[in-house]
């Protein structure tokens, strides 16, 4: 997903500099890809939130019941939550880059008219 997102950003930034491209068609296509990335971001937000809740349940179980069985679960959940959070922030920040590229296309289209 990271390679795909970075390739999209690179592709549309290059097309932004290309004066011969049809800006309106490119902007419509970019909007479709932004919608795909928003869906991907939402799925990752749900998964990240779910694992964070499970992590807190395991920590609460460990604190309340003082059972050692919760410790491997806590470690496992931490090993999953941290990369999920990093990946979600990557998706969030790069989706916002796509927003700014979309706004630049809109601005250039309006300047042409």
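Read the figures in this text as sums done on the coordinates, not as results from a lab. This one's a predicted model, so the numbers in the text were calculated from it and none came from an experiment. Ideal geometry is used to build each Cβ from the backbone, glycine not excepted, and the neighbour counts take in all protein chains shown.
Observations
- In the chain, the DSSP-assigned H stretches of four residues or longer account for a calculated mean residue ellipticity at 222 nm of -33000 deg cm²/dmol, using -39500 (n - 2.57) per stretch and the full residue count as denominator.
- The slack between residue 64 and residue 20, meaning 0.36 nm per residue of separation minus the straight C-alpha distance, is 9.3 nm.
- For the chain, the spread of Cα positions along the three principal axes, ordered from largest to smallest, is 68, 21, 15 Å.
- Simple label model, 7 Å out from Cα along Cβ direction - residue 54 to residue 76, nm: 0.8
- Distance from the stretch 16-79 to the stretch 89-103 (C-alpha centre basis), Å: 15
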